[in-house]
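Read through the structure below, which is laid out as C-alpha cells, and then see the notes.
Only the coordinates and a few stated rules stand behind these numbers; no lab work does. Everything quoted here is computed from the prediction, not taken from an experiment.
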Amino acid sequence: MAWMRVILSCLLMLLGIVVCYFAMGMVVDTGRFISDAHPW
C-alpha cells in the first residue's frame, strides 16, 4: 500500500505547514501586543 504512505506523508507535510503558519501568526500577534504595551 504505497499510495497510503504517500497520502500520509502529504498529510503530515500539510499539518506541519499549518502548525508553522499558526505558530508564526501567534508570534507576530504577541510581538504586536508587546510593542503596543511598550510604545518605544
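A few notes on this one:
- Computed log₁₀ I(q)/I(0) - Debye formula, equal Cα scatterers, no solvent, the chain, q 0.21, 0.22, 0.29 Å⁻¹: -0.67, -0.70, -0.86
- Note on Phe33 and Ile7: the extension gain reaches 5.5 nm, defined as 0.36 nm multiplied by sequence separation minus the Cα-Cα distance.
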